[in-house]
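Visitor: Here you go, one structure.
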Amino acid sequence: MMKQAIIPALLLAVGVLIPLLIGENPYITGILITVLMMATLASAWNILGGYAGQYSFGHAAYFGAGAYTTMIILSVSDTNPLVAMAAGVVVAGLIALVTGAIVFRLRGHYFGLASIAVAEIVRLVVLNLEFTGGAQGILLTDVKFYGLDLNSKNPFYYGMLIALVLTLGITALVRRSRTGYYLQAIREDQDAAASLGINLAYHKNKALLISASLTSVVGSLYAVYIRFIDTHAVLDLRLSIEIILTAIIGGVGTLWGPLFGAMLLVPLAEILRSNVLGEALVTHGMVPESSPVGMFLKEHLAHAHVLVYGIITVLCILYLPKGILGLFRRSGK
Amino acid sequence: MIKHLLNVNHVNKYFGGNVAISDVCFSVEEKQIFGLIGPNGAGKTTMFNCLTGYYPVSSGDIVFDGKKINNRRPDEVCRLGMARTWQRVKPLGSLSVLDNVMVGAFAVTRSLHTAEKMAREQIHVVGLDDYAAQLAGSLPIGLKKKLELARVLATKPKMLLLDEICGGLNHTETWAILDIIRSIRNSGTTIVFIEHDMKAVTSICDRIVVLNAGEKLAEGTPAEITSNRDVIEAYLGGGHHA
């Protein structure tokens, strides 16, 4: 047990120290916050998708539930953001229970499709209601939290770090419990699982509820961090898919895989988007700026990040079905 | 006094207009090894699926250990003490043999420690000790069948339904499994046994029911069954059933 704790402890220490080392650098801190956020979201998704094998394509619904509930409460009252966050968890939990009651009657691909449908329903409802701000979204001008300077990004960095530690901690606990064994049994073979006394619906709902609650916490944090949300930012299908890709590329059904995936994908997306790669090649004289290749890099590489993302995903699915983490662990859990 | 652990009363099962099981009755006594035999399509596995909650019965009653269990969910049936294996084995492929059996043991305990202890006991009973750490999906078929047995035994069933547990096994493996089944019965578990291998069935069963085309064709001791004209006809063909 001691040995197993060393690496997580080191990672945590690095996580805690990074903002102190890099000082006040909003750009880098912003990227790190996104890494932590995607790692937490993918880890939360992983409890349901990776361990129980129920691939939800609608996790944006729970993220959005946390974000919207928090923003609506904070924009009309001086509530403590933590209370607003808890309210978000309740709303996300309710959506999860209703979703579970409907979609867990379905298996396999049908479950995936139904989860998209539920998330789209949530998105359209929010888009068409008055008190959610409709298509305009919600803007939060001021928020207070125990005297912290919320114009700095550091409080949000640590907030996301706590969310990640919480999510990984819960995953580790679940994994070494009866529930963890039951979820994996459900993933492997539902009929066999039922014949061994496992109540399928109950355990799937349990996994969904845990997963949805953690996702909603991240949604609340994100909303207060950005202070502006609309359905495009927090309820989009694109978000659900990014969560899944992060988990798949990192390693589905492993404790550390989603964190790995986020550490790889978020900086990669940022590098491509900001065209660091193209500029570096040009400034180091590898490629003349006026050459056709140089022109191409300058003009188009920044737009190609989605393409690169897609290619990595396809390669991962073809050659690394257990994700990047699967490279290092050939066997075992 | 003889106690009937399982009573099947006038059970019918239709799939649309097709009759899969027609008015079948039988009773299984405690600590019996009870054989359910019949040609392909006779309704044996359908009967197991009805007994264990995978199919709802169309009519009739199934009473297990004094409780009516028709149309209970499979996991409820398991927790009442009736557990089954599968004709086509269903290992939890990417989990180890030990983890597979622990999933079974969790039906009776919440503790990880106790579950592991119970699982190791059952793994020892079927002789899979050397394979405990292997992934279940990587085992050959003979060992997968033993794993099914260990896993289902770990749920501590009162009654065990074995669906062609010897199917696909060679002669030696078959007799090894039959020995295990006898010892399971001797430790107090009732067994209902679907099997094609007549030699295996007659050597081990106390009582046999023969199904044919969804109906009960005969019931009796192995000696009575092997000399029954209807049974011979159903198995060897010819006559009005073909």
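The values are calculated or read from the model by the stated rules, or taken from the named source; none is laboratory data. Computed from a prediction, not measured in an experiment: that's the story for all the values here. Because the Cβ atoms are built from the backbone with ideal geometry, glycine has one as well, and the counts that use them run over all protein chains shown. Side chains included, ligands, DNA and RNA excluded: accessible areas come from the protein's heavy atoms. Shrake-Rupley method; radii C 1.70, N 1.55, O 1.52, S 1.80 Å.
Visitor: Only bridges whose two residues both fall in the protein assembly as shown count here: according to DSSP, what percent of them are antiparallel, nearest 5?
Guide: Close to 60 percent.
Visitor: Can you spot the aspartates and glutamates whose alpha carbon is less than 20 Å from A:LYS322's alpha carbon? Ignore those fewer than 8 places along the same chain.
Guide: Result set, ordered by chain and number: A:GLU188, A:ASP189, A:GLU242, B:ASP99.
Visitor: Could you work out what % of the accessible surface of region B:76-195 is carbon and sulfur, using a 1.4 angstrom probe and leaving DNA, RNA and ligands out of the count?
Guide: Values: 2260 of 4450 Å².
Of all accessible area on region B:76-195, carbon and sulfur atoms account for 51 percent.
Visitor: At what distance in nm do the modelled label points of B:CYS25 and A:MET286 sit from each other, each positioned 7 Å from its Cα along Cα→Cβ?
Guide: Distance between label points: 8.5 nm.
Visitor: Given the pairs B:LYS3/B:LYS158; A:LYS204/B:LYS145; B:LYS44/B:LYS216; B:LYS31/B:LYS144; B:LYS68/B:LYS156; A:LYS204/B:LYS13, which span a C-alpha to C-alpha distance of over 18 angstrom in this model?
Guide: The answer is A:LYS204/B:LYS145; B:LYS31/B:LYS144; B:LYS68/B:LYS156; A:LYS204/B:LYS13.
Visitor: Residues with beta-carbon under 13 Å from that of B:GLU148, excluding B:GLU148: net charge, scoring Lys, Arg +1 and Asp, Glu -1?
Guide: +3
Visitor: How crowded by other chains is B:141-149, given as the mean number of beta carbons from other chains within 10 Å of each beta carbon?
Guide: If you average over the peptide's residues, the count of other-chain Cβ atoms is 0.
Visitor: Report the net charge of residues surrounding B:LEU211, where surrounding means a beta-carbon distance below 11 angstrom and charges are Lys +1, Arg +1, Asp -1, Glu -1. Walk me through the intermediate numbers first.
Guide: Numbers: positive: B:LYS44, B:LYS216; negative: B:GLU215, B:GLU219.
Within the 11 Å Cβ shell, the charges total 0.
Visitor: To make sure I understand the rule: partners must be lysines, Cα under 27 Å from the Cα of A:LYS144, and not fewer than 8 residues away in the same chain. Which ones qualify?
Guide: A:LYS153
Visitor: Step by step: find N for region A:148-291, compute 2.2 N^0.38 Å, then divide the Cα radius of gyration by it. What's the final number? Mind dumping the intermediate values first?
Guide: Values: Rg = 20.2 Å, N = 144, 2.2 N^0.38 = 14.5 Å.
So the Cα radius of gyration is 1.39 times the expected 2.2 N^0.38 Å.
Visitor: What's the buried accessible area, both sides, between B and A using a 1.4 Å probe, rounded to 100 Å²?
Guide: In total, chains B and A hide about 2100 Å² from solvent.
Visitor: Using only the Cα atoms of region A:22-328, construct the convex hull and provide its projected area averaged over every direction, in square nanometres to one decimal.
Guide: Here the figure is 18.1 nm², rounded to one decimal.
Visitor: Continuing with this model, one more query. Placing +1 on the Cβ of each Lys and Arg and -1 on the Cβ of each Asp and Glu in the protein assembly as shown, which of B:VAL231, A:PHE145, A:LEU11 has its Cα farthest towards the positive end of the resulting dipole?
Guide: B:VAL231
Visitor: A follow-up question, please. Which percent, nearest 5, of DSSP beta bridges in chain B are antiparallel? Please report the intermediate quantities before stating the final value.
Guide: Values: 21 of 37 bridges.
Restricted to chain B, the bridges split so that about 55 percent are antiparallel.
Visitor: Could you name every residue in region A:196-211 that has 50 Å² or more less accessible surface in the full protein assembly than in its own chain alone (probe 1.4 Å, ligands and nucleic acids excluded)?
Guide: SASA drop of 50 Å² or more in region A:196-211: A:LEU196, A:GLY197.
Visitor: Skipping prolines and chain starts, which residues have an amide H placed within reach, meaning under 5 Å, of the one on B:LEU211, given they are 5 or more residues away or on another chain?
Guide: Hits under the 5 Å cutoff: B:ILE37, B:GLY38, B:LEU217.
Visitor: Report the Stokes-Einstein translational diffusion coefficient (µm² s⁻¹, integer) for the protein assembly as shown, Rh taken as the Kirkwood radius over Cα pairs, at 25 °C with viscosity 0.890 mPa s.
Guide: 91 µm²/s
Visitor: Considering the dipole of the protein assembly as shown built from charges on the beta carbon (Lys and Arg +1, Asp and Glu -1) around the Cα centre, which of B:GLY104, A:ALA87, A:ALA119 is farthest to its positive end?
Guide: B:GLY104
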